[in-house]
Amino acid sequence: MAKAYDHLFKLLLIGDSGVGKTCLVIRFAEDNFSSTYISTIGIDFKIRTVDIDGKKIKLQVWDTAGQERFKTITTAYYRGAVGVPAPPDPRSPQGIVLVYDITDEKSFENIQNWMKSIKEVGGEILGNASAGVERLLLGNKCDMEGRRKVQRDAAEKLAKEHGIRFFETSAKSSENVEEVRGGPGAGGLHPQIWGTLPPP
Ligand SMILES: Nc1nc2c(ncn2[C@@H]2O[C@H](COP(=O)(O)OP(=O)(O)OP(=O)(O)O)[C@@H](O)[C@H]2O)c(=O)[nH]1
């Protein structure tokens, strides 16, 4: 039987409750948006297969609950998955996307805590924070410019300090969603997908 895909690429989205992680996952996977808010319970995932250079790349996007009461479940998930050295363990997310809401200062302050929790979990396993795991910082809901509380340069500074890339996105208007998914050179996720592909 023909293989359904050539490569599997896993992404894990973390961030406070309500910042738009589920909406981003739906936008990535189904190119759709809903304004109804149903809080994620525990963990959920969506799959999308993209075609890059004739290769089928299966993107498995894991959406975690931001609510504190689910923290044990979500942490337990990436405890078993973060920091597995290359070649990546099949359970390992190869990318962690940290999401905050540009209209919610607290969600931005908490990014530091989310970063810390990745480090703690990764550190326990490897002694090295996020080895083998690519991270990306997203400031979501950038369609709500009038209600902005988090300035772009503050987020750029934070991303620089942690050596990770940063985008402002909108799951609602799709702004920068393609850039995040982007092609080679776009600075988004695909370069890592490209990085996992064997040379032609
Ligand atoms: N204006 C605007 N609203 C958004 C955007 N993304 C999400 N929302 C809204 O924000 C609310 C929360 O979105 P979710 O995607 O469910 O948030 P979440 O981060 O998955 O929340 P938890 O599951 O509780 O962790 C919903 O009402 C969405 O419609 C966006 O880019 N722009």
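Go through the range 1-109 and tell me which strands (runs of 3 or more DSSP E), entirely inside it, have 1 or more residues that are under 16 Å from residue 136 (Cα atoms), in contact with a strand residue (DSSP E or B) (Cβ under 6 Å, 6 or more places away or on another chain) and modelled with pLDDT of 75 or more.
Numbers: elements: 7-15, 43-52, 55-64, 95-101.
Qualifying strands (runs of 3 or more DSSP E): 7-15, 55-64, 95-101.
List every residue pair whose Cβ atoms lie under 6 Å apart, where the two residues are 6 or more positions apart in sequence or sit on different chains, the first residue falls within the range 19-33 and is surrounded by 23 or more Cβ atoms within 10 Å (Cβ to Cβ), and the second residue, located anywhere, is part of a helix (DSSP H, G or I) and small (Gly, Ala, Ser).
19/107
What's the number of the condition residue 123 fails, among (1) more than 16 Å from the ligand (Cβ to nearest atom); (2) at pLDDT below 90; (3) under 25 Å from residue 59 (Cβ atoms)?
The number of the failed condition is (3).
Here's a check for you: in the range 110-120, which residue that is modelled with pLDDT of 80 or more and in contact with a helix residue (DSSP H, G or I) (Cβ under 9 Å, 6 or more places away or on another chain) is nearest to residue 149 (Cα to Cα)?
111
The values are calculated or read from the model by the stated rules, or taken from the named source; none is laboratory data. These numbers come from a predicted model, not from an experiment. Virtual Cβ from ideal backbone geometry, glycine too; neighbours counted across all protein chains shown.
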